[in-house]
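Please read the structure below before turning to the comments.
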Amino acid sequence: MNRLTIRARLTLVFGGLFFVAGGVLLAVNYALVAGRLQQNRLSLWIGGSGDTSGLDTAAIGAMVGDYQRVVRDSALDSLLTQGGLALVAVSVVAVAIGWLVAGRALQPLQEITGTARRIAGADGAGRGLHERIALGGPKDEVRELAGTFNEMLERLNRAFDGQRRFVANASHELRTPLALNRALVELAMTRPGAPAEVRQLGESLLTVNERHERLIDGLLTLADSENEVTDRTPVDLAEVARHVADQVAGPADVRVELDLAAAPTAGDPVLLERLTQNLVENAVRHNVPEDGWLSVETAVVDGRATLTVSNSGPTVPGYEVESLFQPFRRLNRDRIGGGRGFGLGLSIVRAIARAHNGSVEATPRPQGGLTVTVSLPSRSA
């Protein structure tokens, strides 16, 4: 059973209080009118007890008493019936007015809720925190709540910006020594008369250096994709997927299935290509050694451009899926190690999708592997 909203509860409270107060007022009026009619009956009886010679006072008194009783009962019944109907009618009007008044009183809270929902729906990684609640009106408790909420958003925005700047600056600073190391190793390897041991050691160092460079490149991409894309150009996901599939999946020892329908969207072509490349590379890397396959599909679904990449592979528990989108996390919560990547692929995919006002969903396949679906706003929409 769904709980009532605050507006509905306030309306019921207002209407209930009004109905109870009206009922009490009706009861008090009923008692006062009944007492007043009783006093009038006694006054009439006392005032009419003068010279009654020749009259049957007992019969007259009984007749007058019966008439007063009928009038009294009729008046009280009319008061109770008509007053009750009036109370019900006015209570209905009061409930309607209470609904309108409660809605107007709660409008500032609805603005706060709407802002929080927009920020939460924007991503969850810090974008949208620049938005503030511009609440007017008197300086009351609701406006104080809005001010507190704005202060919280300001602190969160600074924290997320500082985190992104740190990652970007650290990645840039690390690229220089890595480039210098590569140059020194290549110089030592290409020196005339360099022994075979030096060349073999140089190749190993270049492999390690290349791995570190790819890690730094992934961190830079992740930091850059955290910012919302403002300069958008028309892009067809089908063309991007076909280009990436030819480059990445073609040389791989897996069967590639393509179902590419037009999926027009708008955004940064480089980032969208990186998003598709990461999905396809993950599908190739985390596949089965023999008879492996991957599927790439593009389409427009419910007015949104979608890219779906499915692959065979090891069974993925449902509770592990969300952790795959966290940086440096891989299946079974392994940290960085080995030669199977850094755990940044799906993190970059989600960051790029959010930068384009899109979303990413991953679903484990019962036979093993994953199905990852990226949904982006359609260019036609």
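The values are calculated or read from the model by the stated rules, or taken from the named source; none is laboratory data. All figures in this text were calculated on a predicted structure; none of them were measured in a lab. So basically every Cβ, Gly included, is an ideal-geometry build from the backbone, and we count neighbours across all protein chains shown. Accessible surface is based on the protein model in full, side chains and every heavy atom, while ligands, DNA and RNA are left aside. Shrake-Rupley method; radii C 1.70, N 1.55, O 1.52, S 1.80 Å.
Name the residue, out of 287, 282, that is over 26 Å from the mean Cα position of the chain (by Cα), farther than 18 Å from residue 360 by Cβ and either surrounded by 17 or more Cβ atoms within 10 Å (Cβ to Cβ) or polar (S, T, N, Q) (or both). Let's see the steps before the verdict.
Numbers: 282 fails: farther than 18 Å from residue 360 by Cβ.
Unique residue meeting the criteria: 287.
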Residue 185 fails exactly one of (1) modelled with pLDDT of 80 or more; (2) open to solvent by 30 Å² or more (accessible area, probe 1.4 Å), namely (2)
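Conditions (1) open to solvent by less than 60 Å² (accessible area, probe 1.4 Å); (2) touching a residue at least 40 places away in the same chain (Cβ under 8 Å), marked per residue:
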| site | (1), (2) |
| --- | --- |
| 94 | yes, yes |
| 103 | yes, yes |
| 113 | no, no |
| 135 | yes, no |
| 141 | no, no |
| 146 | yes, no |
Hits in the stretch 290-305 - residues which are over 16 Å from residue 241 (Cα atoms), within 23 Å of the chain's Cα centre (by Cα) and among the small types (Gly, Ala, Ser): 303
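Find the residue count for the stretch 292-326, including only residues that are closer than 11 Å to residue 263 by Cα and either hydroxyl-bearing (Ser, Thr, Tyr) or out of contact with any Ser or Thr (no Cβ under 8 Å at 6 or more places or on another chain) (or both).
To start, the set of residues in the stretch 292-326 that are closer than 11 Å to residue 263 by Cα comprises 297-301, 303-307.
Subset that is either hydroxyl-bearing (Ser, Thr, Tyr) or out of contact with any Ser or Thr (no Cβ under 8 Å at 6 or more places or on another chain) (or both): 298, 306.
The qualifying residues number 2.
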Of the criteria (1) over 41 Å from the mean Cα position of the chain (by Cα); (2) open to solvent by 90 Å² or more (accessible area, probe 1.4 Å); (3) of a type outside the set (Val, Ile, Thr), which one residue 195 fails: (2)
Conditions (1) at pLDDT below 90; (2) more than 20 Å from the chain's Cα centre (by Cα) -> residue 308 fails only (1)
With the checklist (1) open to solvent by 60 Å² or more (accessible area, probe 1.4 Å); (2) at pLDDT below 85 in hand, flag the one item residue 345 doesn't pass. (1)
With the first residue restricted to the stretch 313-326 and required to be closer than 16 Å to residue 373 by Cα, and the second required to be open to solvent by 20 Å² or more (accessible area, probe 1.4 Å) and of a type in the set (Ser, Thr, Tyr), Cβ contacts under 9 Å at 6 or more apart or on different chains are 318/363; 321/363
Out of everything in the stretch 311-323 that is in contact with a helix residue (DSSP H, G or I) (Cβ under 9 Å, 6 or more places away or on another chain) and either open to solvent by 20 Å² or more (accessible area, probe 1.4 Å) or part of a strand (DSSP E or B) (or both), what residue ends up being modelled with the highest pLDDT? 311
